[in-house]
1. Go through the stretch 97-150 and give me each residue that's open to solvent by less than 30 Å² (accessible area, probe 1.4 Å), assigned to a loop (DSSP other than H, G, I, E, B) and over 16 Å from ILE80 (Cβ atoms).
2. What residue, among those in the stretch 45-68 that are without any contact (Cβ under 8 Å) to a residue 12 or more places away in the chain and in a helix (DSSP H, G or I), is farthest from LEU183 (Cα to Cα)?
3. Please give the number of the condition SER73 fails out of (1) of a type in the set (Ser, Thr, Tyr); (2) in a helix (DSSP H, G or I); (3) farther than 30 Å from ASN132 by Cα; (4) open to solvent by less than 50 Å² (accessible area, probe 1.4 Å).
4. List every residue pair whose Cβ atoms sit under 8 Å apart, with the two residues 6 or more apart in sequence or on different chains, where the first one lies in the stretch 17-44 and is touching a residue at least 40 places away in the same chain (Cβ under 8 Å) and the second, anywhere, is in a helix (DSSP H, G or I) and acidic (Asp, Glu).
5. Give the residues of the stretch 171-203 that are over 25 Å from ASP94 (Cβ atoms), at pLDDT 80 or above and touching a strand residue (DSSP E or B) at 6+ places or on another chain (Cβ under 6 Å), sorted by residue number.
6. Look at GLY168 and say whether it is closer than 25 Å to LEU1 by Cα and either assigned to a loop (DSSP other than H, G, I, E, B) or modelled with pLDDT of 90 or more (or both).
7. Looking at this structure, is GLN35 part of a helix (DSSP H, G or I) and surrounded by 13 or more Cβ atoms within 10 Å (Cβ to Cβ)?
Amino acid sequence: LTVIQGMAYLIRTDQDQWSETGTQKIKANSGILLQMINQMLGIAKIDEGAMTVNPVRRDVNKYIASVVELFESEALKRKIDLSFFSAENPFEMDFDTDKLMHIITNLISNALKFTSEGGSVNVSTSVTDNGNSFSIRVKDTGIGIEKEHLSHLFDRFYQVKSVSSSGGTGLGLAYVKEMVALLNGRISLESIPENYLKQPINS
């Protein structure tokens with residue numbers, strides 16, 4: 001909101017200089033604000049038991065591949081290698097498409113945000129326990145997270161000071177964890193600072 005207000009003021013005072021840059025920043029930050037509001041409303045719904053699960057039977061790997069494709073232009077622009085690999089293709093299962101979309105997009109967005117130019121982000125899936133367990137893993141070559149922060153990373157509003165300047169709110173991963181639990185899944189994270197960051201989901 002501070003950026004939006006600031007840009008609106010600059011456009012009003014000097015439209016010729018700030019019109020293009022200002023409108024771009026207003027659009028970008030209004031999108032961030034909308035995402036944050038949706039996450040807060042989603043968490044509130046989960047707390048109140050008002051969020052329902054609406055599963056459909058589909059090829060989950062095909063669906064995940066389509067979600068990963070949404071980030072290809074962003075990865076290309078930032079010169080990051082984005083890939084998807086599935087050991088079982090196709091694989092049909094019952095899942096909530098909307099909630100899985102939120103989970104995957106949040107994890108990929110985080111991975112891209114903290115991965116430098118020339119790095120890579122890999123999304124992969126696997127099936128274990130005779131087809132009864134489906135796992136999704138998002139792995140990147142980003143900056144990583146220090147060990148002391150790992151146990152708190154899924155807490156609401158928790159932010160790592162060294163990366164808080166990236167514009168995060170500390171809600172994204174908390175929201176992901178809540179939705180994974182709603183789907184009777186499990187989420188965990190492993191990290192080696194300055195080497196790689198892994199965010200696997202088991203459901």
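1. The one that is open to solvent by less than 30 Å² (accessible area, probe 1.4 Å), assigned to a loop (DSSP other than H, G, I, E, B) and over 16 Å from ILE80 (Cβ atoms): ILE145.
2. By that ranking, first place goes to SER66.
3. With respect to (1) of a type in the set (Ser, Thr, Tyr); (2) in a helix (DSSP H, G or I); (3) farther than 30 Å from ASN132 by Cα; (4) open to solvent by less than 50 Å² (accessible area, probe 1.4 Å), SER73 is out only on (4).
4. Once the first residue is touching a residue at least 40 places away in the same chain (Cβ under 8 Å) and sits in the stretch 17-44, its partners that are in a helix (DSSP H, G or I) and acidic (Asp, Glu) give GLY42/GLU178; ILE43/GLU178.
5. Result: LEU189, GLU190.
6. Yes, satisfied.
7. When the stated conditions are applied, GLN35 passes them.
The values are calculated or read from the model by the stated rules, or taken from the named source; none is laboratory data. Predicted model only: the values in this text are computed from it and were never measured. Reconstructed Cβ throughout: ideal geometry from the backbone, glycine too, with neighbour counts over all protein chains shown. Quick note on the areas: whole protein, heavy atoms, side chains included, nothing else; ligands and nucleic acids left out. Shrake-Rupley method; radii C 1.70, N 1.55, O 1.52, S 1.80 Å.
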